[in-house]
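Engineer: Have a look at the structure that comes next, please.
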Amino acid sequence: MHRWLEAVREAVPVSFHSVGLSLGDPDGVDLAELDRLAALCERYEPALVSDHLSWSSLSGEHFPDLLPLPMTRASLDHFAAQVAIVQERLGRAMLVENPSRMIAFAGDEYSEEQFLSELVRRTGCGLILDVNNVIVQSINLGIDAVAYLDAIDGAAVGEVHVAGHAIEEHGKERLAIDDHGSPVSEECWALLERLLARIGPRPVLVERDNALPAFAELAAEAARADAICERSLAHAA
């Protein structure tokens, strides 16, 4: 694996996107995982390093999903402390990705965009802005996707993700699932165009992990993302 990754690193900048630090774990970030990530960063010097606003382990047990925490001051204090630990160990700022959420908590004290903005202010971290995750929340939680994206400081955004999602019907209720197995939705493309027109071009990742289509379809989505980035240059000029 190292041979192939070294070849990629020589050709283009790389972005390390972790799913294992578990920043929201009440026991603290997984230090063994952090050490492994630090070793990879020292070897490959990636352009960007990131993880998620979530937790995936508790008392040494690991879970196969990225789980949400309440948007409270206590959660913010905890996340800020863990991000600081990661950044100190890596010797660089990290990016934190907005989560895909199916639920909100009754005790939430912040909107998610307020929470992320305060995390950036406190720690100096940047953000991965996953546009599809915002759409998922607009369906599941009733938030305004445009208002969410407009509330994020563009200077904090280091990378943008786009993807598709699945819809499950439960009686009269619809539940959006961030399945990484569907084509990027037209709504997601439109929001990406609007976002980059405001903040300028950013690295854009088209996420597809499951139900992979023919390569030509993946290449077409990548080309569409490239074209949107190119158009955003005119707004940034």
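Engineer: Could you pull out every one of the strands (runs of 3 or more DSSP E) wholly within segment 97-181 that has 3 or more residues that are within 26 Å of V49 (Cβ to Cβ) and modelled with pLDDT under 95?
Structural biologist: Details: elements: 126-130, 157-162, 166-170, 173-177.
Where strands (runs of 3 or more DSSP E) fall fully within segment 97-181, none carries at least 3 residues being within 26 Å of V49 (Cβ to Cβ) and modelled with pLDDT under 95.
Engineer: Could you tell me which numbered condition K172 fails, if it satisfies all but one of (1) exposed (fewer than 13 other Cβ atoms within 10 Å of the Cβ); (2) touching a helix residue (DSSP H, G or I) at 6+ places or on another chain (Cβ under 7 Å); (3) of a type outside the set (D, E)?
Structural biologist: (2)
Engineer: Give segment 1-32 a look and list any residue that's acidic (D, E), out of contact with any strand residue (DSSP E or B) (no Cβ under 9 Å at 6 or more places or on another chain) and touching a residue at least 12 places away in the same chain (Cβ under 8 Å), or say none. Step through it out loud before you land on a result.
Structural biologist: Residues of segment 1-32 that are acidic (D, E), as a first pass: 6, 10, 25, 27, 30.
In the following step, the residues that additionally are out of contact with any strand residue (DSSP E or B) (no Cβ under 9 Å at 6 or more places or on another chain) were identified as 6, 10.
The answer is E6, and nothing else.
Engineer: Let me ask something additional. Here is a check on your reading of the model: is A190 without any contact (Cβ under 8 Å) to a residue 24 or more places away in the chain, outside any loop (DSSP other than H, G, I, E, B), under 30 Å from E217 (Cβ atoms) and of a type outside the set (S, T, Y)? So that I can check it myself, show each step before the final result.
Structural biologist: Values: without any contact (Cβ under 8 Å) to a residue 24 or more places away in the chain: yes; outside any loop (DSSP other than H, G, I, E, B): yes; under 30 Å from E217 (Cβ atoms): yes; of a type outside the set (S, T, Y): yes.
Yes, satisfied.
Engineer: Could you check segment 21-42 and list, in sequence order, the residues that are of a type in the set (D, E), part of a helix (DSSP H, G or I) and surrounded by fewer than 16 Cβ atoms within 10 Å (Cβ to Cβ)? Don't jump to the end; show me each part of the working.
Structural biologist: The first filter runs over segment 21-42 and keeps only residues of a type in the set (D, E), leaving 25, 27, 30, 33, 35, 42.
Now narrow it down to the ones that are part of a helix (DSSP H, G or I): 33, 35, 42.
Residues satisfying the conditions are D35, E42.
Engineer: Tally time: how many residues in segment 200-233 are more than 21 Å from the chain's Cα centre (by Cα) and among the charged types (D, E, K, R)?
Structural biologist: Adding up the residues that qualify gives 3.
Engineer: Taking S100 as the residue in question, decide whether it is over 22 Å from A155 (Cβ atoms), assigned by TED's automatic domain parsing to the domain that holds W189 and small (G, A, S). Spell out the reasoning first.
Structural biologist: On the way: over 22 Å from A155 (Cβ atoms): yes; assigned by TED's automatic domain parsing to the domain that holds W189: no; small (G, A, S): yes.
No: the conditions fail for S100.
The values are calculated or read from the model by the stated rules, or taken from the named source; none is laboratory data. Since the model is a prediction, treat every value here as computed from it, not as a measurement. Glycine also receives a Cβ, built like all others from the backbone with ideal geometry; neighbour counts cover every protein chain displayed.
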